[in-house]
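Report on the following structure.
Each reported figure results from applying straightforward, stated rules to the coordinates on display, with no laboratory input. Note that the coordinates shown come from a computational prediction; the quantities given were computed from them, not determined experimentally. Please note: Cβ atoms are built from the backbone with ideal geometry, for glycine as well, and neighbour counts cover all protein chains shown.
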Amino acid sequence: QYGSLEQGPMTRRRKAAILCCLGVPYVLAVIALIVALSLPRNDVTDKDTLTLQARFTASVEGLAHGTVVSLSPDGAAQPGGGTSVYYGLPLPSQLDTCLKHLDVDAKPDGSGIYLASFDDTSSEATGGTLATLSVSADPLGGVALLDAVDTDLDIYELSFLDSSSFVGVTQSLEADGTAEVYSGTVGATGAVSLSAQPPAVLTTGYSLAPAVARLSDASFAVVYYAGATVATRAGYLVGGGPVVSDEVAAVDNTNFTVQAGVVALSASLYAVLYYDGAGSGAGPLVAVPALVAPSGDDGSAPPEVELDGASSATLSAAVTLYFDADRLDDNCAVVAYVDADQNNALVASLLTYDDSFGLQWASTVVLSSGGALVQSETFGFMDIDVTAVAPVTSDAASSFLVYYSDATNSGSLTTTGGKLTTSGELVKSLPDFVVGAPVDLGSTFVWAALSATSDNEALLLSSAEDGDCSSITASAVVVELMPAPFGVVTSGGSAARPSIVFGGRAKEGLSGLTPGKVYFGDTQGRLLESPSYGGYLSFVDGTTYYVTDADSKTMVALDGMVGVASTEKALY
């Protein structure tokens with residue numbers, strides 16, 4: 001009947017048939033599971049190990065098991081990977097001193113030789129020292145002194161022009177003194193010598209903190225203080241000695257409140273950078289293009305310099321204290337500065353030049369947030385420095401490093417960095433590596449200088465002293481930049497050509513791991529253990545780093561992460 005709950009015989013038989021059909025697969029699945037569990041089992045994770053024993057692995061022959069590897073520019077496997085910072089490195093005794101007015105520049109030939117200049121006495125008017133240095137193949141081996149020459153020059157800044165020649169600028173600390181450009185050479189083994197040609201005079205009288213920039217293999221530009229004016233010149237090396245253009249006034253400095261600098265943009269173009277801190281101590285950063293033209297057919301006559309004020313560019317920021325700049329590519333430079341409008345943050349901006357539009361300020365990125373650079377109105381930091389890091393295969397750079405003294409961290413010397421993307425945007429790419437001990441910002445002067453070689457290595461030298469060089473702490477820091485690691489060398493292959501595990505589980509030849517710990521590779525290929533369990537989950541925007549080995553004073557960035565240990569002999 002309609003609405004009855006009773007089921008007839010046909011309905012019951014149909015339901016039973018349906019249930020029987022549905023139940024058969026489940027019964028078969030249970031039987032299969034019982035059979036599978038009764039059979040001998042292999043560790044299925046072995047099948048998840050992806051190894052590589054191909055042509056390009058020949059470059060890692062003889063490497064120890066557990067060595068971390070990355071890809072070189074030509075596609076070969078190379079030991080090491082990621083970004084590593086080696087700090088507190090041993091210095092030769094000659095440099096364990098008061099490094100006043102310190103500057104450093106790397107030979108642009110990939111030799112790994114650096115030229116440093118500094119004043120190592122308590123009297124600022126007795127001259128300075130030129131010293132060539134090299135970093136050990138393993139940075140933990142420290143910095144070696146190759147050669148040193150004492151001079152009677154009040155050395156301030158220097159710059160290599162080619163693989164052997166360099167120029168430097170001196171400051172005048174006396175009313176009857178002179179600021180000059182001098183020159184010299186550095187040999188293949190690091191022997192340094194000053195040119196027999198006399199220096200070129202820039203100005204007489206007091207002239208502090210001049211700046212110099214390389215334009216080409218034989219030309220340079222300088223910006224300096226000449227009385228109540230900020231002036232500029234360009235110059236050539238002729239017969240090993242400097243020849244400079246006529247002086248060109250760049251900006252009035254009647255109130256002596258102008259902070260100025262220089263950055264090269266090409267062989268025939270550079271920019272004079274300045275801000276006027278009158279009143280508040282801060283002001284917009286102005287970039288004025290300077291065009292350089294030869295004035296003789298044989299190259300022996302001084303060049304001519306013309307400022308193009310109509311093509312200037314003004315950065316809408318309250319720049320204060322110090323700034324620095326370095327060329328990334330033709331008509332493109334990065335400028336790092338302190339912005340008072342952003343609570344004294346460390347900021348980097350891109351400066352570009354176009355024949356039609358002149359100089360233009362482009363992308364901007366905050367490298368260290370507000371307050372990091374000034375603790376109060378009384379105390380601050382000594383300086384900042386920015387250096388481009390170019391790959392060995394190119395003169396153009398897309399990465400840069402900056403150092404500063406972090407006032408919110410008791411003046412600790414800190415280094416960070418960024419990149420220029422293919423879309424023309426500046427981005428922060430490195431964490432804030434704290435590489436120096438806290439200092440007394442009220443009484444301690446920190447002198448530091450940073451420069452990068454063409455093989456993605458940078459050297460940071462620093463000296464903290466109490467003003468009269470009676471209490472000194474000098475140190476060296478090496479930053480190495482490599483592609484991210486892609487695998488670990490294991491004993492899975494033949495003795496002549498080991499295997500590289502690039503996915504899944506690495507276990508052959510590994511031992512002594514701590515289960516649950518995160519492991520990183522440094523740029524020397526060492527496998528390093530993180531200080532905490534699972535700490536990699538707390539990374540924020542890829543800007544956190546680990547102090548992976550306090551004994552060796554090594555820090556690595558997130559891009560060096562390799563995997564997590566599952567057992568004492570296995571790494572995923």
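Separation of the stretch 65-110 from the stretch 454-479 is 14 Å, based on Cα centroids. Each label was represented as a point 7 Å from its Cα along the Cα-to-Cβ direction; for Ser72 and Ser163 these points are 1.8 nm apart.
Spread over its residues, the convex hull of the C-alpha atoms of the stretch 439-483 is 69 Å³ per residue.
Between the beta carbons of Ser280 and Asp109, assuming R0 = 60 Å, the FRET efficiency works out to 0.85 to the nearest 0.05.
Here is the tail figure for the stretch 208-277: Cα pairs spaced more than 14 Å apart come to 56 percent of all pairs. Starting from a Cα-only point model with no solvent, please compute log10 I(q)/I(0) by Debye for the stretch 123-229 at q = 0.20 1/Å. Once normalised to I(0) and log-transformed, intensities are -1.06. Here Glu247 and Asn409 are evaluated by their C-beta separation; at R0 = 56 Å the FRET efficiency comes out at 0.85.
If the chain linking Thr178 and Val149 were pulled fully straight, counting 0.36 nm for each residue of separation and taking away their Cα-Cα distance, it would gain 8.3 nm. Computed from label points 7 Å out along Cα-Cβ, the spacing between Leu291 and Phe256 is 3.6 nm. Ranked by the mean number of other Cβ atoms within 10 Å per residue, highest first, peptides 234-243, 449-458 order as 449-458, 234-243. When peptides 300-312, 345-357, 153-165 are sorted by average Cβ neighbour count within 10 Å, with the highest value leading, the order is 153-165, 345-357, 300-312. Using a/c under 1.5 as the rounded threshold, could you call the stretch 57-183 rounded, prolate or oblate? The axes a ≥ b ≥ c are square roots of the C-alpha gyration tensor eigenvalues, and prolate needs a/b larger than b/c, oblate otherwise. Taking the square roots of the gyration eigenvalues as a ≥ b ≥ c, the stretch 57-183 is prolate. Taking the inverse of the mean 1/r over every pair of distinct Cα atoms in the stretch 280-348 gives a Kirkwood hydrodynamic radius of 14.3 Å. Net charge dipole, the stretch 279-362: roughly 440 debye, given to the nearest 20, about the Cα centre with Cβ charges of +1 for Lys and Arg and -1 for Asp and Glu. When peptides 218-230, 256-268 are sorted by average Cβ neighbour count within 10 Å, with the highest value leading, the order is 218-230, 256-268. Computing FRET efficiency as 1/(1 + (r/R0)^6) for Ser312 and Ser423, where r is the C-beta to C-beta distance and R0 is 22 Å, gives about 0.25. Segment Lys569..Ser300, full-extension length gain: 90.1 nm, with 0.36 nm per residue of separation and the alpha-carbon distance subtracted. For the stretch 411-525, the gyration tensor built on C-alpha atoms gives a prolate shape. Its axis ratio a/c (a ≥ b ≥ c) is at least 1.5, and a/b is the larger of a/b and b/c.
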